[in-house]
1. Given a cut-off of under 8 Å on Cα pairs at least six residues apart, what relative contact order in percent is computed for the chain?
2. What ranking of Glu49, Glu20 emerges when the number of other C-beta atoms within 10 Å of each C-beta is taken as an exposure proxy, fewest first?
3. State, to one decimal in nm, how far the label point of Thr83 lies from the label point of Lys135, with both points 7 Å from Cα in the Cβ direction.
4. What whole-number distance in Å separates the alpha-carbon centres of the range 105-145 and the range 33-99?
5. For a quick protection proxy, order the peptides 89-95, 65-71 by their average other-Cβ count within 10 Å, most packed first.
6. Fully extended, how many nm does the chain gain between Asp99 and Glu117 (0.36 nm per residue separation, minus their Cα-Cα distance)?
7. For the range 5-139, take every pair of Cα atoms, bin their distances at 5 Å starting from 0, and report each bin as a whole percent.
8. When only C-alpha pairs under 8 Å and at least 6 residues apart count, what is the relative contact order of the range 13-99, in percent?
Amino acid sequence: MQKKIRRFRVEPMYKKSVVESEFFTHSEEKGSIEVTIVWRGGEYWIDIEDDNINELTEIDLAMKSPEEAFEVSSFENWELDSTWDGCSEDIYFHGTEVDEQIFEEAYSENGWDYLVEEQGWQPDDCEIWIQNGVKITEEEINEPT
């Protein structure tokens, strides 16, 4: 039996409202490092099978209360369409023993290469939030799974 897929386009109502937090862990270090970027704008796709009542309810609630914060990454099948114009980037250290000032200076010069290639931190998790209001539009599709 083919399942019907419902597709939703998700975007912020206001600029500077997309918050992406990526978490990194290290095999030989304690704790984690969080890199958070605030984007001026962005768009995401969320695909939900029509029998997934929990996710459909969550989308429905968000459409009825668009002013609430919305976590895109809480859905099983979400996809980045685009983000643009990162307007801030912050690093947070959670229980690490690294020298934060030295780390931040090196990261600001070399970014991902320093964090992953030179220091060995690996991506572990990612959260995408839309703050200050979300616009959700259902798109017409019907793809078998």
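Here, each number is a calculation from the coordinates, and none is a lab measurement. Just so we're clear, the structure is a prediction, and the values are computed from it rather than from any experiment. Every residue, glycine among them, receives a Cβ derived from its backbone with ideal geometry; neighbour counts consider all protein chains shown.
1. 44 percent
2. Glu49, Glu20
3. Output for this residue pair reads 2.0 nm.
4. Using only Cα atoms to place each centre, the spacing works out to 8 Å.
5. By packing density, highest mean first, the sequence is 65-71, 89-95.
6. Length difference between fully extended and current span is 4.7 nm.
7. Each 5 Å bin holds this share of Cα pairs: 2, 10, 18, 19, 15, 13, 11, 8, 4, 1, 0.
8. 41 percent
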